[in-house]
């Protein structure tokens, strides 16, 4: 647990416990409860790429499935093109992993229900995630694992703070998967 406490201190504010919420959500997957974990981010916009980076790492290690019925989808900067595929999975929950402007410290992470957001939302993508959820995923509960970026200008590398947060998040999720498969 010491590592998880350090992770929480490094990636979230004291008011939100994204890691315990995410643990509960991911461990709830079953044959009747599918979850889609969707990475988002443009590979040429520095920290905007964080969500896609996390899911790519997990896909490499998990071969596309994680924790039972958790499905990994890397949407990069075009979630609109994959939304039908995600909806066809029939997930009870969809978690978009994305860099989002929250006026927080770089790397701060929050797990937010899309119902708690307002227009315009703090993502940089063409169609707001709330609108996607309402119109195209009406049967799913939609969440955003939001990571505060430091830099979203042109560039192919994550800033050190965001790479650290992204690596910690992917290790946390991988550790959950490893614990689940060993029990």
Do we find a residue being part of a loop (DSSP other than H, G, I, E, B), modelled with pLDDT of 85 or more and more than 15 Å from the chain's Cα centre (by Cα) anywhere in region 118-127? no
Taking region 153-166 and keeping residues surrounded by 17 or more Cβ atoms within 10 Å (Cβ to Cβ) and either outside any loop (DSSP other than H, G, I, E, B) or touching a strand residue (DSSP E or B) at 6+ places or on another chain (Cβ under 7 Å) (or both) leaves 161, 162, 165, 166
Here are the criteria: (1) loosely packed, with under 15 Cβ neighbours inside 10 Å; (2) farther than 27 Å from residue 161 by Cβ. Tell me which single one residue 35 does not satisfy. (1)
Need pairs with beta-carbon distance below 8 Å; first residue more than 14 Å from residue 89 (Cα to Cα) and within region 128-142, second assigned to a loop (DSSP other than H, G, I, E, B) and modelled with pLDDT of 80 or more; sequence gap 6+ or separate chains. 133/140
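The values are calculated or read from the model by the stated rules, or taken from the named source; none is laboratory data. Remember, predicted model here, so these are calculated numbers, not experimental data. Reconstructed Cβ throughout: ideal geometry from the backbone, glycine too, with neighbour counts over all protein chains shown.
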